[in-house]
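> Let me begin by handing over the structure; questions about it come next.
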């Protein structure tokens, strides 16, 4: 999505709901509701920008990189749109990934269908899953559907096909047309049957009626259990009840509000009190089985709003840590994030990631290992419930402090400084502090000899994650 819409998107974003449990057993009749497949319960997503991931921008280059991405600890590859890009009304030299010319086609810049199948098979051979970006809301202006089925498109009162917002390179579809729905679902099924993909990330999902996504999910499940990620939180532009999108449709959503609030706290535009208020409101509204995809960057944020360094500065580790440890978290890593990408990647032109800086690899390997090792941190309702620590008055809204402990008594204690001040935690009482075993990861903290929790959180970069074993 473009910059103008993205600011609007953040302004209206605040939450969602969803389902996540075990998948239907093979060969059994599909039963509703459609839960997230069990393989997703502690997964980490890696978003692949094929065009910019390598100098040649090909599927084959991504395929060669899969072992490295797997070694990083990622479980799901999300490929940005793989389809041919429209030429009519194209933006820039190469156009937007999200201007789809042919839903069953392959962007020739990336390779061919066999190259894509090889990528999927290699991912599967490495124990990973693959989901692809799906742009259901609109097509390019030179998509064959416009010629063959103009009635499938949304039109103004004068009968002209319309474009959403200022996205002049695309034409909006009309989901009141039943034949369009059938064609769209059949196109989605094609990729599952032909290439054995494992699900979809659905672009601006809230701009398409919720009942379409329910219809699509029911049909897709007849082929294989799939994982469905919606680019939305609580938007109500089309379907007035946003929760309808998570009833037999989507398993995961975007934690846009987390990202926006965290960024403003990091920049001093909002306070720790604002962040804690966001958490309180957000978790009251969102059902516990929602997978909340937390991130400190993605393709939109990087291009339109700034790099990790621009948005979070030296606090990036703290906010990254929370992406892994907050309730319902589904962590995201974007192409080049682990290589400390310091440039805003072009959206409509070739602008390959500069690889070579491996200094942050260890961080992401460590956090992914923690995510996979402690079931208390599993996604959605698979993970343990959260015990928000009762704080002394002097610490309220200055730190975030919580425990997540599973039924077996294993879990983590998390503390992080939400201010630019030195915070003395001497009077903090952690109910399970006597069961703490080891510091899993920390930054800029001091421990007292007689305490198993930090005595001092030195500044805005400070945090700690401590193992608990009862």
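Read the figures in this text as sums done on the coordinates, not as results from a lab. Remember, predicted model here, so these are calculated numbers, not experimental data. Because the Cβ atoms are built from the backbone with ideal geometry, glycine has one as well, and the counts that use them run over all protein chains shown.
> For a bin width of 10 Å, list the pair-distance distribution of the chain built from all Cα-Cα distances, rounded to whole %.
4, 20, 31, 26, 13, 5, 1, 0
> Let me ask something else. As I understand it, the value is the acute angle between the Cα axis of helix 361-373 and the longest principal axis of the Cα atoms of the chain; what does it come to in degrees, rounded to 10?
80 degrees
> Something else now. Which distance in Å, rounded to a whole number, links the C-alpha centroids of the range 321-350 and the range 228-291?
Centre-to-centre distance over Cα atoms comes out at 18 Å.
> What number, in percent, do you get for the relative contact order of the range 386-469 if the mean sequence gap of Cα pairs under 8 Å and at least 6 apart is divided by its residue count?
Averaging sequence separation for qualifying contacts and normalising by length gives 33 percent for the range 386-469.
> According to the square roots a ≥ b ≥ c of the eigenvalues of the Cα gyration tensor, what is the shape class of the range 386-469, taking rounded for a/c under 1.5, prolate for a/b larger than b/c otherwise, and oblate for the remainder?
Taking the square roots of the gyration eigenvalues as a ≥ b ≥ c, the range 386-469 is prolate.
> When you have a sec, figure out the Kirkwood radius of the range 337-393 from all distinct Cα pair distances and drop it here in Å to one decimal?
Averaging 1/r across every pair of different Cα atoms and inverting gives 15.0 Å.
> Given Cα pairs under 8 Å that are at least 6 residues apart, what percent is the relative contact order of the range 3-377?
RCO, the range 3-377: 23 percent.
> Using a simple spin-label model with points 7 Å from Cα along the Cα→Cβ vector, what separation in nm is obtained for residue 162 and residue 357?
The two pseudo-label positions are separated by 4.4 nm.
> Based solely on its DSSP helices, what 222 nm [θ] is calculated for the chain when runs of n ≥ 4 H residues each add -39,500 (n - 2.57) and the sum is averaged over all residues, nearest 500 deg cm²/dmol?
-8000 deg cm²/dmol
> Compute the angle between helix 3-12 and the longest alpha-carbon principal axis of the chain, please, reported from 0 to 90 degrees and rounded to the nearest 10.
Here the helix axis deviates by roughly 60 degrees.
> Where in the range 352-390 does the label zone of residue 64 land, with the point 7 angstrom along Cα→C-beta and an amide N cut-off under 20 Å?
Answer for this model: 352-358.
> Which value, to two decimals, describes the C-alpha radius of gyration of the range 114-206 once divided by 2.2 N^0.38 Å?
Normalised by 2.2 N^0.38 Å, the Cα Rg of the range 114-206 equals 1.28.
> A follow-up question, please. Would you please put 454-463, 276-285 in order of how densely packed they are, using the mean number of other Cβ atoms within 10 angstrom per residue and starting with the highest?
In decreasing order of mean packing, 454-463, 276-285 become 454-463, 276-285.
> For residue 196 and residue 277, what is the calculated FRET efficiency with R₀ set at 51 Å and r taken between the beta-carbons, to the nearest 0.05?
0.70
> Along the Cα→Cβ direction, 7 angstrom out, place labels at residue 109 and residue 176. What is the inter-label distance in nm?
Each label point is offset 7 Å from its Cα along the Cβ direction, giving 3.6 nm.
> Using only Cα atoms, tell me the angle between helix 178-195 and the longest principal axis of the chain; keep it within 0 to 90° and round to the nearest 10.
Roughly 70 degrees, rounded to the nearest 10.
> Now for a separate question. Which of the peptides 171-178, 318-325 is most tightly packed, and how do the rest follow, judged by the mean count of other Cβ atoms within 10 Å per residue?
Order by mean packing, descending: 318-325, 171-178.
> In the range 61-95, whose amide N lies under 17 Å from the spot 7 Å out along Cα-to-Cβ of residue 343? List them in ranges.
Label zone hits: 93-94.
> Please compute the modelled spin-label separation between residue 429 and residue 219, points set 7 Å along Cα→Cβ, answer in nm with one decimal.
Result for the modelled spin labels: 5.9 nm.
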